[in-house]
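To start, the structure under review is shown below, and the notes come after it.
The values are calculated or read from the model by the stated rules, or taken from the named source; none is laboratory data. Everything numeric in this text was worked out from a predicted model, so none of it was measured. Methodologically, a virtual Cβ is constructed for each residue, glycine included, from the backbone with ideal geometry; neighbour enumeration extends over all protein chains shown.
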């Protein structure tokens, strides 16, 4: 009697497990079979964290464009090899000769290392420009220097690639999210350009303000006033290889308001040189033209600007989806793993890292941020990576770096309160592309890694967002 009783219990448990799997697959199939996605390509993978078993899927190995979900791979790989406490260190030198009259003949040399948070307005813990100027001036005064006969020079040899990735679309490059990664970045390579509405149709809406103001001559407007509301976006055309950026599009006429666009900074090094020098002058430090010294010049390290720790940078990169940060991470990964910051070699090194974690070699990474439409991943790639990350003791609580989907991120208005603390998801989006990758949580720990990629859908953005929100709400209840 005992053995049949045991078999009955375990048989019941096995049947219950199968029922759970069937229920999960029903949720997945219900999403995929919706008529809104009849023309779309979809890939879904759900992996149990503890068992590392694929417990639900749809076309899991289908290669699709992941958009910003790719950032998960870039950020996690650097966290693993560099460590969560890694910081970028931008060094400031004096190169020249210190004179007896409290002057220094030579230059302030700044050695950029690709820090994406350098003087950022938004990164928590990052030192701003004015604070940097105050600290640096104090260092000079402590060294007995009150007069610089020379200039501010930025050494940009750390990254030799063209700042913008050649695999990005041309019309993305001039916009803030398409800002390239330089050896010295400043203000996250972001500027604000304001144009004024015209009172008559067919008129050019002129640029009236640029922040930072040293960039006023770098942007020109071709935005036209129109009596009709335009369905097209206003965007910025140009790149770091152009002399000027051009604002394109149309806006309603007959008003007096201004419209402000976020644009890329074309030359962060030049912007930093101008602003840093000007602000030093404002603090009372004297600058004059360089006078050649007869003495042999010396190079003196005077200050090291240190970024917030890498974990904090990754949190901003993933929660706010800042492309610049992940592009910087690519070069840093190459520097650490290869002693080479070349973009292609660094990306290949990241792919090799993930191949060593069990991801198959079909993945294509053309960048580190997902902005390239040539990036190709499957949902299985992402779910397997996330399962590996969750079990990696060198990366603590990675899920905390992902948006808590009921209160932040692109799904916060469609995920109900009942799913609070149950979903941690990184989103990705571009034209006709939506993706999400992250975790279904249980008792503040990841229970499942999940990835969903949808390409080439024909429904509206609101429709696809609502549909994906409903899918993840059901997963949170599973």
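Just so you know, in the range 323-377 the residues that are touching a strand residue (DSSP E or B) at 6+ places or on another chain (Cβ under 9 Å) and not in a loop (DSSP other than H, G, I, E, B) include one that is nearest to residue 113 (Cα to Cα), and it is 324. Annotation: of all residues in the range 390-399 being out of contact with any strand residue (DSSP E or B) (no Cβ under 8 Å at 6 or more places or on another chain) and in contact (Cβ under 8 Å) with a residue 24 or more places away in the chain, the one that is farthest from residue 313 (Cα to Cα) is 391. Screening the candidates 410, 405 for the property of being in the same structural domain as residue 451 (by TED's automatic domain parsing), crowded, with 23+ Cβ neighbours inside 10 Å and in contact with a strand residue (DSSP E or B) (Cβ under 8 Å, 6 or more places away or on another chain) yields one hit, 405. Checking each residue in the range 86-98 for being in contact with a strand residue (DSSP E or B) (Cβ under 8 Å, 6 or more places away or on another chain) and farther than 12 Å from residue 297 by Cβ picks out 87, 88, 89, 90, 91, 92. Considering (1) buried (at least 23 other Cβ atoms within 10 Å of the Cβ); (2) in contact with a strand residue (DSSP E or B) (Cβ under 6 Å, 6 or more places away or on another chain), the lone condition that residue 107 does not fulfil carries the number (1). So which residues in the range 391-420 are part of a loop (DSSP other than H, G, I, E, B), farther than 27 Å from residue 85 by Cα and more than 22 Å from the chain's Cα centre (by Cα), if there are any at all? Answer for the range 391-420, where residues must be part of a loop (DSSP other than H, G, I, E, B), farther than 27 Å from residue 85 by Cα and more than 22 Å from the chain's Cα centre (by Cα): 413, 414, 415, 416, 420.
Rundown of residues vs (1) crowded, with 21+ Cβ neighbours inside 10 Å; (2) more than 30 Å from residue 101 (Cβ to Cβ); (3) touching a helix residue (DSSP H, G or I) at 6+ places or on another chain (Cβ under 9 Å), yes/no style:
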{"site": "124", "(1), (2), (3)": "no, yes, yes"}
{"site": "129", "(1), (2), (3)": "no, no, yes"}
{"site": "182", "(1), (2), (3)": "yes, yes, yes"}
{"site": "193", "(1), (2), (3)": "yes, yes, yes"}
{"site": "206", "(1), (2), (3)": "no, yes, no"}
{"site": "219", "(1), (2), (3)": "yes, yes, no"}
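The numbered conditions (1) more than 17 Å from the chain's Cα centre (by Cα); (2) modelled with pLDDT of 95 or more are all true for residue 320 except (1). Residue-level analysis places residue 352 among those that are free of Cβ contacts under 8 Å to residues at least 60 places away in the same chain and assigned by TED's automatic domain parsing to the domain that holds residue 320.
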